[in-house]
């Protein structure tokens, strides 16, 4: 069965500093990987996804993620965070291919310090 | 494109009553939709896969008689929480997957009192 691990429950970053959120997955086949952001009481917004091809994926809001098969990782990065980036971030893997239900990590709560 | 609309955004109901939540694909047809549940400060858990014109597929541990899913058209799936109890209070969110985008609705906050 597939699983997703986000080892950091909370991360605090100063505004303007760089950010990296960790995600490790366990999946037998080629993974379809996603990063979502959720503001309090809101739905999920897709930041980026990886299905195949270039392992460095560009997303919205200045985010990028790198797929590393050897490390089973799909870490999310941003060179300079803004106060509006404070939110909950979820990494997810698609079950059975790209059009299937998702298995989510537990999420990382990002706090931005002024 | 690929917008999923969910209604209502929040609902409060009395214990023992039933509540229906709607999930609509606005600009695409969705033969499959997904329903998730999220407890406060926790992750999302897949509850069931809703299939247009056929029975839903429920995840292990999800009571199909408690959470009734109907997917009667290519743009609408409904989740009915029957005989709701306080432990059913949660954030319910649906998604559809046009072109493998896994687009989510804005969620429904259910509070059972």
Could you compute the FRET efficiency for residue A:66 and residue B:7, with r as their C-beta to C-beta distance and R0 at 30 Å, rounded to 0.05?
0.20
Pair residue B:66, residue B:109: separation of 7 Å Cα→Cβ label points (nm)
2.2
P(r) histogram, all alpha-carbon pairs of the stretch B:48-108 included - 10 Å bins from 0, percent:
20, 53, 25, 2
State, to one decimal in nm², a quarter of the convex hull surface area for the C-alpha atoms of the stretch B:17-65, i.e. the direction-averaged projected area.
4.8
Relative contact order computed over the stretch A:1-62 (Cα-Cα under 8 Å; 6+ residues apart), in percent:
25
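Considering every Cα-Cα pair within the stretch A:1-67, what fraction, in whole percent, is farther apart than 15 Å?
62
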Fraction in percent of alpha-carbon pairs per bin - 10 Å, the protein assembly as shown
8, 33, 35, 19, 5, 0
Which distance in Å, rounded to a whole number, links the C-alpha centroids of the stretch B:3-20 and the stretch B:27-76?
14
Mean other chain Cβ within 10 Å across A:83-95 is 1
Find the relative contact order for the stretch A:18-114 and round it to a whole percent, using C-alpha pairs within less than 8 Å whose residues are 6+ positions apart.
31
Which order do the peptides B:75-82, A:83-90, B:9-16, A:22-29 take when ranked by the mean count of other beta-carbon atoms within 10 Å per residue, highest first?
B:75-82, A:83-90, A:22-29, B:9-16
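Quantify how strongly other chains surround peptide B:85-94 by giving the mean number of their Cβ atoms within 10 Å of each of its Cβ atoms.
1
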I need the semi-axes of the equivalent ellipsoid of chain B: take the C-alpha gyration tensor, multiply each eigenvalue by 5, square-root it, list largest first in whole angstrom.
22, 14, 13
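What is the average number of partner chain Cβ atoms found within 10 Å of a Cβ in A:101-107?
Mean shielding count: 6.
Kindly identify chain A as rounded, prolate or oblate by the Cα gyration tensor criterion: order the square roots of the eigenvalues as a ≥ b ≥ c, call it rounded if a/c is under 1.5, otherwise compare a/b with b/c, prolate if a/b is larger, else oblate.
Values: a/c = 1.87, a/b = 1.61, b/c = 1.16.
In terms of gyration-tensor shape, prolate.
Every read-out reported here was derived from the displayed coordinates using simple, explicitly stated rules and does not represent laboratory data. All values derive from a computational prediction rather than experimental measurement. Cβ coordinates were reconstructed from backbone atoms using ideal geometry, including for glycine residues, and neighbour counts include every protein chain displayed.
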